[in-house]
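For reference, the structure is listed below as structure tokens.
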Protein chains: 2
Amino acid sequence: MSTPPYHHGNLRAAVLEAAERLLDQGGPSALSLRGIAREAGVSATAPAHHFGDLSGLLSDLAAIGFQRLAETIRRAATDPAPRAPVHAYVRFAQDNPGLYTLMFRSDRLDYRRESLAAASQASWAVLLRSVGSEARMPAESDLATLGQVTFRWSLLHGFCTLLLDGQLRPLLANPACNGDPHVLLDVMVPPPAPVRPGPVPTQAPSP
Amino acid sequence: MSTPPYHHGNLRAAVLEAAERLLDQGGPSALSLRGIAREAGVSATAPAHHFGDLSGLLSDLAAIGFQRLAETIRRAATDPAPRAPVHAYVRFAQDNPGLYTLMFRSDRLDYRRESLAAASQASWAVLLRSVGSEARMPAESDLATLGQVTFRWSLLHGFCTLLLDGQLRPLLANPACNGDPHVLLDVMVPPPAPVRPGPVPTQAPSP
DNA sequence: GTTTTTATCTTTACAATGTAAAGATTGATG
DNA sequence: CATCAATCTTTACATTGTAAAGATAAAAAC
């Protein structure tokens, strides 16, 4: 058997893959710099050269998560079913519980990182477009649009967070749910969900 | 100056207070078993005898948080303003960011703990009552009630999580918000919010 | 083609953490 | 008073993040 070469070649990608593997197995708490290096088959301090420190590595991983989530929503938006994006969002969280949790654990991330800031901002564009806004940044929108965006994201993110945290288990134990979160999701999400602009039925009037 | 007595007296309460002090200062990531012991002025392994391990200590602290949150909602429910509980919930998260974050970080908590399980279950009762249900457990409710509960909690929890995580900063930077999350909250929360049962306007019909 | 530089990876080292085990102290119990 | 049990301390060990210095090899310079 040949010893591995001193220079890995593309350790950066290998480390991110190793990290995601551990993330899928043991959740965010299983992500240690040394553990990831071990999984990737390199020395304990090798990743530091590529990512700076642990929060740098996790931030790049979270950035990948935001990119994938945005892509998932973008793709689901082409589905004729009006609530396809909603279910796609939740399914993303279900399919990638560790990654989704990591993405919103700001104490382990560094939002000054270029990669994470860009990916996060790109998610905003997708979100704004989903409520019919042409703006690319929330700062350029009017209050009603902000309300819609906040409403949508809060509802979905809250649901996913509670779900992954196990807080919805008592609800899902109810026979009417049959253990399926999407049943709960269907009775929770307000029905019309206009994709294109127009009057906002579930919105409060301006004070 | 007299040396402190070998037996503290009520170290349990002192440790919890020390923990909350550190939590308020540095967030959940500042909570280490040794650091808490240091803050309480005892040896590093003293808390272990009262709480077992770190997750035990944090679980008891989170349980206190759930009790306080439930009490906050209960008190706000007597306010004539229909949306008082909503604002009270968000204000609780704003006033206790570390505690609120800890309460929903399941990877550091142990829900098999009596204290935490009881406090969490008590929160359910309050939540169910807020939508007019008489049930004390979600398992006893019908699907429509579950939908309402899930809707309310997801929306509020999602908003608070995003807020504390800093994800709403781009929105709050919008001049219309004036940096106040409650402005955003007001345009987000659906208006009628019936406290007592009746037809549910923002709810989807059964499929 | 040889030398120098630079990026990449390893080894070593150190402080901090969680927790297990054993010992010290003290209030309670008989 | 003697014994016990609860409480707290000391000691010890494996693990972590990360800084510093050394080894290796690819790339660049000549």
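The values are calculated or read from the model by the stated rules, or taken from the named source; none is laboratory data. Just so we're clear, the structure is a prediction, and the values are computed from it rather than from any experiment. Positions of Cβ are backbone-derived with ideal geometry, glycine not excepted, and every protein chain shown enters the neighbour counts. Surface accessibility is based on the protein's heavy atoms, side chains included, excluding ligands, DNA and RNA. Shrake-Rupley method; radii C 1.70, N 1.55, O 1.52, S 1.80 Å.
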Note to self: with every protein chain in place and a 1.4 Å probe, chain A gives an accessible area per residue in Å² of 49 Å²
Largest fluctuation, B:Arg129, B:Arg75, B:Arg152 only, Gaussian network model of chain B with Cα springs under 10 angstrom, belongs to B:Arg75
Using alpha-carbon positions, the gyration tensor of the range B:10-52 gives root eigenvalues a ≥ b ≥ c; with a/c under 1.5 called rounded, otherwise prolate if a/b exceeds b/c, else oblate, the class is prolate
In order over the range B:150-162: 3J(HN,Hα) from phi, Karplus 6.51/-1.76/1.60, θ = phi - 60°, whole Hz, x for each Gly or Pro, gives 4, 4, 4, 5, 4, 4, 5, 5, x, 4, 5, 4, 4
Counting only protein heavy atoms with a 1.4 Å probe and every protein chain in place, the carbon and sulfur fraction of the accessible surface of the protein assembly as shown in whole percent equals 55 percent
Within the set B:Asp53, B:Asp107, B:Asp186, GNM on chain B using Cα springs under 10 Å gives the largest fluctuation to B:Asp107
So, with points 7 Å from each Cα along the Cβ direction, the A:His50-A:Arg136 label distance in nm works out to 3.0 nm
Taking Cα atoms, the helix A:84-95 axis meets the longest principal axis of chain A at an angle in degrees (rounded to 10) of 30 degrees
Taking Cα atoms, the helix B:54-76 axis meets the longest principal axis of chain B at an angle in degrees (rounded to 10) of 40 degrees
Under the rule rounded for a/c under 1.5, else prolate if a/b exceeds b/c, else oblate, using alpha carbon gyration tensor axes a ≥ b ≥ c, the range A:53-188 is classed as oblate
So, over other residues within a Cβ distance under 11 Å of B:Asn96, counting Lys, Arg +1 and Asp, Glu -1, the net charge is -1
Probe 1.4 Å, protein heavy atoms only: B and A together bury a total accessible area in Å², to the nearest 100, of 4100 Å²
at A:Asp79 the sorted inter-copy label distances (label 7 Å from Cα on Cβ side), in nanometres, are 3.8
For the rotation taking chain A to chain B, the chain A residue with the nearest C-beta to the axis, plus the distance in whole Å, reads A:Gly158, 1
Ranking A:Thr78, B:Thr150, B:Thr161 from most to least accessible area with a 1.4 Å probe gives A:Thr78, B:Thr161, B:Thr150
Taking the label point 7 Å from Cα along the Cα-Cβ vector, the copy-to-copy distances for A:Glu134, listed from shortest in nm with one decimal, are 5.6
homo-copy label distances at B:Arg112 (7 angstrom along Cα-Cβ), nm, one dp, ascending, are 4.2
By the C-alpha gyration tensor axes a ≥ b ≥ c (rounded if a/c is under 1.5, else prolate when a/b exceeds b/c, else oblate), the shape of the protein assembly as shown is oblate
Taking Cα atoms, the helix A:11-26 axis meets the longest principal axis of chain A at an angle in degrees (rounded to 10) of 60 degrees
Under a Gaussian network model of chain A whose springs join Cα atoms within less than 10 Å, the largest fluctuation of A:His157, A:His87, A:His50 belongs to A:His50
